[in-house]
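**Student:** One structure, as structure tokens, below. Some questions next.
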Amino acid sequence: MLNVGDSMPDVTLEGESGPVKLRDRIGKPLVVYFYPKDETYGCTREACSFRDQYEDFVGAGAEVIGISRDDSKSHADFKSHHRLPFTLLSDTDGAAGKAFGARKMFGIMPGRITFVFDTDGKLRHRFDSMLKFNQHVDEALAAIKQMATA
């Protein structure tokens, strides 16, 4: 598991237009959240909460990226269905989740965890909860705002 102060892992994931090296996004605050599955109840609530607060993240200079093991087609459908304005990336083999230390629920189902990185790619906040869908957004936004005033 990444700890506060650790550097962002060097991972490449599949995006809508091809491979995305996550470290290439360093330079502005970055919210990276792992979630279990597109179109499931909790994941939809969480994604829509990030959508509804998206302008607050952008206003604070941050980027939001969601990651799951779903493929790019599933992500495209999920984004379209819920009008999600942020990037979704595919971790089909689970390598990124493993590099970030995202634990699995009951050892089998991908977990739900949110990481907030600063402009240097250092972890500043982590929130891990399978059931507190909306709190992921609240925690991430509070961390982004705190970094902006520090």
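**Student:** Quote to one decimal, in nm, the extra length available between THR119 and ASN3 on full extension: 0.36 nm per residue of separation minus the C-alpha distance between them.
**Tutor:** Details: separation 116, 0.36 × 116 = 41.76 nm, distance 1.65 nm.
Here the segment from THR119 to ASN3 would lengthen by 40.1 nm.
**Student:** Suppose only helical runs count, i.e. DSSP H with n ≥ 4. What mean residue ellipticity at 222 nm does that imply for the chain under -39500 (n - 2.57) per run, divided by all residues and rounded to the nearest 500 deg cm²/dmol? Don't skip to the end; give the middle numbers.
**Tutor:** Values: 4 runs with 53 residues, N = 150.
Helix-only estimate at 222 nm: -11000 deg cm²/dmol.
**Student:** Then there's this: So, in nm, how far is label LYS37 from label THR149 when the simple model puts each one 7 Å beyond its Cα toward the Cβ?
**Tutor:** 4.0 nm
**Student:** To the nearest 20 debye, what is the magnitude of the charge dipole of region 57-150 about its Cα centre, counting +1 on the Cβ of each Lys and Arg and -1 on the Cβ of each Asp and Glu? Intermediate values should be presented prior to the final figure.
**Tutor:** Numbers: 13 positive and 11 negative charges, 41 e Å.
Using Cβ point charges on Lys, Arg, Asp and Glu, region 57-150 gives about 200 debye.
**Student:** Using heavy-atom solvent-accessible surface (probe 1.4 Å) with all chains present, what is the largest-first order of SER17, SER72? Mind dumping the intermediate values first?
**Tutor:** Values: SER17 125, SER72 40 Å².
Largest to smallest exposure gives the sequence SER17, SER72.
**Student:** Can you give the accessible area per residue of region 42-136, in Å², using a 1.4 Å probe? Don't jump to the answer; show the numbers that get you there.
**Tutor:** Working: 4310 Å² over 95 residues.
With the other protein chains kept in place, region 42-136 gives 45 Å² per residue.
**Student:** If you don't mind, another one. When the chain is fully extended, how far beyond the present Cα-Cα distance does LYS132 get from CYS48, taking 0.36 nm per residue of separation?
**Tutor:** Working: separation 84, 0.36 × 84 = 30.24 nm, distance 1.36 nm.
Once the chain is fully extended between LYS132 and CYS48, it gains 28.9 nm.
**Student:** Then there is this: Would the chain count as rounded, prolate or oblate if I go by the C-alpha gyration tensor, calling it rounded below 1.5 in a/c and otherwise prolate when a/b exceeds b/c, oblate otherwise? Please list the in-between numbers first.
**Tutor:** On the way: a/c = 1.30, a/b = 1.19, b/c = 1.09.
Rounded, since a/c falls under 1.5.
**Student:** Project the alpha carbons of region 1-64 onto their principal axes and report the range along each, largest first, in whole Å.
**Tutor:** Sorted from largest, the Cα extents of region 1-64 read 31, 29, 26 Å.
**Student:** Compute the separation of the alpha-carbon centres of region 35-89 and region 5-31 and state it in Å as a whole number.
**Tutor:** Between the Cα centres of region 35-89 and region 5-31 lies a distance of 16 Å.
**Student:** In the chain, what percent of the accessible surface is made up of carbon and sulfur (1.4 Å probe, ligands and nucleic acids excluded)?
**Tutor:** Working: 3580 of 7310 Å².
So the carbon and sulfur contribution to the accessible surface is 49 percent.
**Student:** Projected onto the charge dipole of region 45-95 (+1 at Lys/Arg Cβ, -1 at Asp/Glu Cβ, origin at the Cα centre), which of LEU84, ILE67, TYR54 gives the Cα projection farthest towards the positive end?
**Tutor:** Going by the charge dipole, the pick is LEU84.
**Student:** Sorting HIS82, HIS75 by accessible area (1.4 Å probe), largest first, what list results?
**Tutor:** Numbers: HIS82 25, HIS75 5 Å².
The ranking, largest first, comes out as HIS82, HIS75.
The values are calculated or read from the model by the stated rules, or taken from the named source; none is laboratory data. From a predicted model like this one, the values you see are computed outputs, not experimental measurements. When we count neighbours, we look across all protein chains shown, and the Cβ atoms used for this are built from the backbone with ideal geometry, even at glycine. Areas reflect the complete protein model, heavy atoms only, side chains present, ligands, DNA and RNA absent. Shrake-Rupley method; radii C 1.70, N 1.55, O 1.52, S 1.80 Å.
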